[in-house]
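Peer 1: I'd like to ask you about the structure that follows.
The values are calculated or read from the model by the stated rules, or taken from the named source; none is laboratory data. In this text, all values refer to a predicted model and were calculated from it rather than measured experimentally. Here the Cβ positions follow ideal geometry from the backbone for every residue, glycine too, while neighbour counts run over all protein chains shown.
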Amino acid sequence: ASSSEEKDLVIIGGGVAGYVAAIKAGQEGMKVACIEKRGTLGGTCLNVGCIPSKSLLNNSHLYHQILHDTKNRGIEVGDVKLNLANFMKAKDTAVTGLTKGVEFLLKKNGVEYIKGAGSFVNENDIKVALNDGGETTVRGKNILIATGSEATPFPGLEIDEKRVITSTGAISLEKIPETMVVIGGGIIGLEMASVWSRLGTKVTVVEFLSQIGGPGMDTEIAKSTQKLLKKQGMDFKLNTKVVSGDKSGDKVTLDVDAAKGGKPETLSADVVLVAIGRRPYTQGLGLENIGMELDERGRVIIDSEYRTKIPHIRCVGDVTFGPMLAHKAEEEAVAVVEYIKKGYGHVNYGCIPSVMYTYPEVAWVGQSEQELKNQKIPYRVGTFPFSANSRAKTNLDTDGLVKMLADPETDRLLGVHIIGPNAGEMIAEGTLALEYGASTEDIARTCHAHPTLAEAFKEAAMATSSKAIHF
Ligand code: FAD
Ligand code: NAD
């Protein structure tokens, strides 16, 4: 069988990149098909990534706070128990609601949703092995590769998602492990370490580099974050590389090598989380049938308009260059449809925020202090601690700070780095300021409501352009 009509756009992958492109193209009046093999839309982000992890982070924080942070607020609680099955059910409810919502949006925008695995037959025809059995072919004038990414495995340590897990196992463990070692102190490692540590697991994070947080996190902020997470009970081994693992015994063991001095040792735990990054996913896509090129890291090579070397085949999201973030995929998805339809589009890669949803949250946009130093770009720094912010004080939640970096001559904002309550929401203001080329004085002269955490943002801008009032 084959789909009756040629489509204006065939999208392979129904993750954030794919489904957003599908909706946008539908809105633009294009005939669209979106092929997804998972059985549900939303990709990694909605099914096993952003959304389920944030449900677990939110509810584990609530649990931890009820256990440890109520007495000083004059709240006395009795017997507090965690029901892990229901804790997971709450996550599943959020996921299902959102993935169903996306399905509705595709329908509303006239997109044909094909459930199955797509692969290139030639430059215009995609064969789909349907989830329900059988096969169909769909032909597109334009084709968008949006097949996303998968967890990078650790060589020699087979993933079973029970004792040796990726983030996918970490969001659905059936019992609370006593001990866990996390390989990789990047964002996935720290978010998942937070969830299980709050539920009672003794977690050790092993990181190869000298700082946690993965690429892009400001070193000063990374150090403060590590201190706060340590206070919550997490252990860290930095400058330490896991070299091999063995899961044949009762515990999973890992041999680690100190990258800078120190001596090698063996760690053991009930569960090991492998969180050493993600890699582009192009398996089974039949790229060899069209001679498509990948770079040395397996990413589909594209130009600035998301075109592969075959101009009507384009590519966006995790499977190509840039940070592996849902909102980056979403921006690209809108832009790529605009390029196809109108010939122009826009994504500002210098202005993509990052948020780590630990407690407190860590968020940043623009350049970090070490990046500016490395490029020999002059800068001025201003900071403001939440301990001097009235709302943080009333909330008894004063850990963290806002840090701004600005051009010393023009005062133009170069970067914002926040660790603190609600940093992930507050970074939107920094992103808007950066996008509009604001000076820190512009921000300092903008009236902010009192008492809000956002006043710390304004005062950091005051500290950068002249002086803060409350510190
Ligand atoms: P994906 O979401 O991976 O979607 C690709 C889809 O294509 C998949 O559903 C796959 O089944 C499908 N597919 C692949 N090949 C085929 C084929 N041949 N035929 C049919 N279908 C195919 N990002 C954030 O911005 N914020 C967060 O808080 C955040 N949290 C995360 C937490 C975790 C645990 C993880 C793992 C990731 C997180 N991310 C987060 C990253 C985010 O999930 C990704 O950046 C985002 O999902 C990328 O979207 P995508 O559409 O490019 O790829
Ligand atoms: P990452 O690249 O952020 O971090 C991986 C870390 O593992 C690095 O710090 C690296 O130095 C370390 N590492 C690698 N090999 C090691 C070894 N052998 N021993 C010890 N340490 C080792 O990758 P991630 O945390 O797996 O996340 C993958 C992607 O998913 C990222 O691009 C991230 O942005 C995205 N993500 C985003 C969010 C969010 O936005 N909140 C949440 C989760 C995931």
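Peer 1: Name the single residue, out of those in the range 54-88 being of a type in the set (A, V, I, L, M, F, W, C), more than 16 Å from ligand 1 (Cβ to nearest atom) and touching a helix residue (DSSP H, G or I) at 6+ places or on another chain (Cβ under 8 Å), that is farthest from W196 (Cα to Cα). Steps first, please.
Peer 2: Within the range 54-88, the first condition is being of a type in the set (A, V, I, L, M, F, W, C), and the residues that meet it are 56-57, 62, 66-67, 75, 77, 80, 82, 84-85, 87-88.
Of the ones still in play, those that are also more than 16 Å from ligand 1 (Cβ to nearest atom) are 62, 66-67, 75, 77, 80, 82, 84-85, 87.
Narrowing the set further to residues that are touching a helix residue (DSSP H, G or I) at 6+ places or on another chain (Cβ under 8 Å) leaves 77, 80, 82, 87.
Working: V77: 22, V80: 17, L82: 12, F87: 12 Å.
For the range 54-88, the residue satisfying everything is V77.
Quick grid of which residues meet (1) in contact with a strand residue (DSSP E or B) (Cβ under 7 Å, 6 or more places away or on another chain); (2) away from ligand 1 (no atom under 16 Å from the Cβ); (3) closer than 11 Å to L273 by Cα; (4) modelled with pLDDT of 95 or more:
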residue: F154; (1), (2), (3), (4): yes, no, yes, yes
residue: K175; (1), (2), (3), (4): no, yes, no, yes
residue: R198; (1), (2), (3), (4): no, yes, no, yes
residue: D235; (1), (2), (3), (4): yes, yes, no, yes
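Peer 1: Does G284 meet the test of being within 13 Å of ligand 1 (Cβ to nearest atom), more than 21 Å from the chain's Cα centre (by Cα), of a type in the set (G, A, S) and not in a helix (DSSP H, G or I)? Show your work before the answer.
Peer 2: On the way: within 13 Å of ligand 1 (Cβ to nearest atom): yes; more than 21 Å from the chain's Cα centre (by Cα): yes; of a type in the set (G, A, S): yes; not in a helix (DSSP H, G or I): yes.
It is true that G284 is within 13 Å of ligand 1 (Cβ to nearest atom), more than 21 Å from the chain's Cα centre (by Cα), of a type in the set (G, A, S) and not in a helix (DSSP H, G or I).
Peer 1: Looking only at the range 35-53, count every residue that is within 6 Å of ligand 1 (Cβ to nearest atom) and of a type outside the set (A, V, I, L, M) and tell me the total.
Peer 2: Residues that pass the stated criteria total 9.
Peer 1: Mind checking which residues of the range 244-256 are farther than 21 Å from K202 by Cβ and within 28 Å of the chain's Cα centre (by Cα)?
Peer 2: S244
Peer 1: Among the residues of the range 250-280, write down those that are part of a loop (DSSP other than H, G, I, E, B) and either within 16 Å of ligand 1 (Cβ to nearest atom) or at pLDDT 95 or above (or both). Even if it seems obvious, please write down each step before you answer.
Peer 2: Of all residues in the range 250-280, those part of a loop (DSSP other than H, G, I, E, B) come to 250-251, 259-264, 270, 275-277.
Once the filter is applied, which keeps residues that are part of a loop (DSSP other than H, G, I, E, B) and either within 16 Å of ligand 1 (Cβ to nearest atom) or at pLDDT 95 or above (or both), the range 250-280 yields D250, K251, D270, A275, I276, G277.
Peer 1: Every residue in the range 236-268 that is surrounded by 14 or more Cβ atoms within 10 Å (Cβ to Cβ) and more than 14 Å from ligand 2 (Cβ to nearest atom), please.
Peer 2: We begin by selecting, within the range 236-268, every residue surrounded by 14 or more Cβ atoms within 10 Å (Cβ to Cβ); these are 236-242, 244-247, 251-259, 267-268.
Answer for the range 236-268, where residues must be surrounded by 14 or more Cβ atoms within 10 Å (Cβ to Cβ) and more than 14 Å from ligand 2 (Cβ to nearest atom): D246, K247, K251, V252, T253, S268.
Peer 1: On the given criteria, is R380 under 25 Å from the mean Cα position of the chain (by Cα) and basic (K, R)?
Peer 2: Details: under 25 Å from the mean Cα position of the chain (by Cα): no; basic (K, R): yes.
Considered against the rule, which asks whether it is under 25 Å from the mean Cα position of the chain (by Cα) and basic (K, R), R380 comes out as no.
Peer 1: If I go through the range 145-162 residue by residue, how many of them are in contact with a Pro (Cβ under 9 Å, 6 or more places away or on another chain), surrounded by fewer than 19 Cβ atoms within 10 Å (Cβ to Cβ) and part of a loop (DSSP other than H, G, I, E, B)?
Peer 2: Quick first cut of the range 145-162, residues in contact with a Pro (Cβ under 9 Å, 6 or more places away or on another chain) only: 147-150, 159.
After this cut, where a residue has to be surrounded by fewer than 19 Cβ atoms within 10 Å (Cβ to Cβ) as well, the list is 150, 159.
This time we only want the ones that are part of a loop (DSSP other than H, G, I, E, B), so: 159.
Selection size over the range 145-162: 1.
Peer 1: Those residues that are more than 16 Å from ligand 2 (Cβ to nearest atom) and assigned to a helix (DSSP H, G or I), I need them from the range 45-83; list them, please.
Peer 2: The initial filter retains those residues of the range 45-83 that are more than 16 Å from ligand 2 (Cβ to nearest atom), namely 59, 62-83.
Hits for the range 45-83 are N59, L62, Y63, H64, Q65, I66, L67, H68, K71, N72, R73.
Peer 1: Just to be sure before I move on: is Y349 closer than 30 Å to A193 by Cβ, modelled with pLDDT of 95 or more and away from ligand 1 (no atom under 14 Å from the Cβ) in the structure I sent? Let's see the steps before the verdict.
Peer 2: Numbers: closer than 30 Å to A193 by Cβ: yes; modelled with pLDDT of 95 or more: yes; away from ligand 1 (no atom under 14 Å from the Cβ): yes.
Yes.
Peer 1: Further question on the same structure: Considering only residues that are touching a strand residue (DSSP E or B) at 6+ places or on another chain (Cβ under 8 Å) and farther than 18 Å from A428 by Cβ, which ones fall in the range 406-418? Show your work before the answer.
Peer 2: First, pick out the residues of the range 406-418 that are touching a strand residue (DSSP E or B) at 6+ places or on another chain (Cβ under 8 Å): 406-408, 410-418.
Within the range 406-418, A406, D407, P408, T410, D411, R412 meet the criteria.
Peer 1: Here's another thing I want to ask about it. Six or more apart or on different chains, Cβ under 6 Å: which pairs go from a residue in the range 218-236 that's of a type in the set (S, T, Y) to one that's assigned to a helix (DSSP H, G or I)? Could you list them?
Peer 2: Note: pairs meeting the criteria are T219/Q370.
Peer 1: Looking at the range 70-93, which of its residues are more than 30 Å from G148 (Cα to Cα), among the charged types (D, E, K, R) and without any contact (Cβ under 8 Å) to a residue 40 or more places away in the chain?
Peer 2: The answer is K71, E76, D79, K81.
Peer 1: Here's something else I'd like to know. Which of the following residues is more than 16 Å from ligand 2 (Cβ to nearest atom), outside any loop (DSSP other than H, G, I, E, B) and either among the small types (G, A, S) or closer than 21 Å to H64 by Cβ (or both): G118, G200, G189? Steps first, please.
Peer 2: Details: G200 fails: outside any loop (DSSP other than H, G, I, E, B); G189 fails: more than 16 Å from ligand 2 (Cβ to nearest atom).
After applying the criteria, what remains is G118.
Peer 1: Here's something else I'd like to know. Just name the residue that is surrounded by the most Cβ atoms within 10 Å (Cβ to Cβ) out of those in the range 309-341 that are among the aliphatic types (A, V, I, L, M) and under 15 Å from the mean Cα position of the chain (by Cα).
Peer 2: Of the residues in the range 309-341, the ones among the aliphatic types (A, V, I, L, M) are 310, 313, 316, 319, 324-326, 329, 333-337, 340.
Adding the requirement that they be under 15 Å from the mean Cα position of the chain (by Cα) leaves 319, 324-326, 329.
Values: V319: 27, M324: 18, L325: 19, A326: 21, A329: 30.
Looking at residues that are among the aliphatic types (A, V, I, L, M) and under 15 Å from the mean Cα position of the chain (by Cα), I get A329.
Peer 1: Kindly establish whether G291 is at positive phi and either out of contact with any strand residue (DSSP E or B) (no Cβ under 9 Å at 6 or more places or on another chain) or charged (D, E, K, R) (or both). If you could, list the steps in order and put the result at the bottom.
Peer 2: Values: at positive phi: yes; either out of contact with any strand residue (DSSP E or B) (no Cβ under 9 Å at 6 or more places or on another chain) or charged (D, E, K, R) (or both): yes.
Spelling it out, G291 is indeed at positive phi and either out of contact with any strand residue (DSSP E or B) (no Cβ under 9 Å at 6 or more places or on another chain) or charged (D, E, K, R) (or both).
Peer 1: Working carefully through the options A449, A428, find the one that is within 29 Å of D69 (Cβ to Cβ) and assigned to a helix (DSSP H, G or I).
Peer 2: On the way: A449 fails: assigned to a helix (DSSP H, G or I).
Criteria check complete, one pass: A428.
Peer 1: Run M217 past the list (1) over 30 Å from M404 (Cβ atoms); (2) within 15 Å of ligand 2 (Cβ to nearest atom); (3) assigned to a loop (DSSP other than H, G, I, E, B); (4) of a type outside the set (D, E) and report the number of the one that doesn't hold.
Peer 2: Status for M217: all satisfied but (1).
Peer 1: Please go through the range 204-224 and give me each residue that is within 16 Å of ligand 1 (Cβ to nearest atom) and at negative phi, ordered by number.
Peer 2: Restricting attention to the range 204-224, the residues satisfying the condition of being within 16 Å of ligand 1 (Cβ to nearest atom) are 205, 213-217.
Of everything in the range 204-224, those that are within 16 Å of ligand 1 (Cβ to nearest atom) and at negative phi turn out to be V205, P215, M217.
Peer 1: Quick one: count up the residues across the range 296-326 that are of a type in the set (D, E) and within 16 Å of ligand 2 (Cβ to nearest atom). Please lay out each step first, then the result.
Peer 2: Taking the range 296-326 as the starting set, the residues that turn out to be of a type in the set (D, E) are 296, 303, 305, 318.
Still in the running and within 16 Å of ligand 2 (Cβ to nearest atom): 318.
Matching residues across the range 296-326 total 1.
Peer 1: Hey, another quick one. Whether any residue in the range 296-306 is touching a residue at least 24 places away in the same chain (Cβ under 8 Å) and assigned to a loop (DSSP other than H, G, I, E, B) is what I want to check. Spell out the reasoning first.
Peer 2: If we filter the range 296-306 for residues that are touching a residue at least 24 places away in the same chain (Cβ under 8 Å), which is where we start, we get 300, 305-306.
Right, trim to assigned to a loop (DSSP other than H, G, I, E, B) and you get 305-306.
Scanning the range 296-306, I find at least one residue that is touching a residue at least 24 places away in the same chain (Cβ under 8 Å) and assigned to a loop (DSSP other than H, G, I, E, B), so the answer is yes.
Peer 1: Another question about this same structure. Of S194, S210, which residue is crowded, with 18+ Cβ neighbours inside 10 Å, touching a residue at least 40 places away in the same chain (Cβ under 8 Å), among the polar types (S, T, N, Q) and not in a strand (DSSP E or B)?
Peer 2: Working: S210 fails: crowded, with 18+ Cβ neighbours inside 10 Å.
Step by step, each of S194, S210 is checked, and only S194 is crowded, with 18+ Cβ neighbours inside 10 Å, touching a residue at least 40 places away in the same chain (Cβ under 8 Å), among the polar types (S, T, N, Q) and not in a strand (DSSP E or B).
Peer 1: Which condition number does I313 fail, the rest of (1) under 18 Å from C34 (Cα atoms); (2) within 11 Å of ligand 1 (Cβ to nearest atom) being met?
Peer 2: If we test I313 against (1) under 18 Å from C34 (Cα atoms); (2) within 11 Å of ligand 1 (Cβ to nearest atom), just (2) comes out false.
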